[in-house]
Amino acid sequence: MEGGKKMNTQIEHLATVWPKIKNIFSVPYSEEEYKNLVSVLDDLIDEVAENENHPLASLMETIGTLIENYEKNNVPEMSGRPVDILRFLMQEHGLKQSDLPEIGSQGVISEILTGKRKLNVRQIQNLSSRFNVSPSVFIQNN
């Protein structure tokens, strides 16, 4: 019987906290809600980095799962080499190298497109946001 009472206390506590945090923990149903979650995840990645013992590491994983589920149902899946996907997206949107200043200079973009340089985390985040695709399409799997 005690376990039930404790759970009620936990639920009562959650009921007071939930209105303040529900935007972070709710399943996204719109692109706006999805983008808000991606923004939260970006901030968490900056904070937690590779520290699996960080107190927010499990929160980062939970939000990542919410985003992944949304992407499975709402974001077109692309596959191939990241540089090929970038070329395709640039062509599809009628973009030149100079049209991507958020990635870097024209020289940096040229090096990325020729394979001399790999995309970094910031560039991947910017491309993902610009083209509304999962960041995973720009990550090279070896």
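General observations
- The residue of the range 110-134 that is nearest to SER79 (Cα to Cα), among those that are in contact with a Pro (Cβ under 9 Å, 6 or more places away or on another chain) and β-branched (Val, Ile, Thr), is VAL133.
Residue-by-condition table, conditions (1) in the same structural domain as TYR29 (by TED's automatic domain parsing); (2) within 19 Å of the chain's Cα centre (by Cα); (3) hydrophobic (A, V, I, L, M, F, W, C):
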| residue | (1), (2), (3) |
| --- | --- |
| ASN51 | yes, yes, no |
| MET60 | yes, yes, yes |
| GLY64 | yes, yes, no |
| ILE67 | yes, yes, yes |
| LYS96 | no, no, no |
| GLY107 | no, no, no |
| SER110 | no, no, no |
| GLN123 | no, yes, no |
| SER128 | no, yes, no |
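The values are calculated or read from the model by the stated rules, or taken from the named source; none is laboratory data. For clarity, every value in this text was computed on a predicted model and none was experimentally measured. Cβ sites come from the backbone with ideal geometry, for glycine too, and all protein chains shown count toward neighbours.
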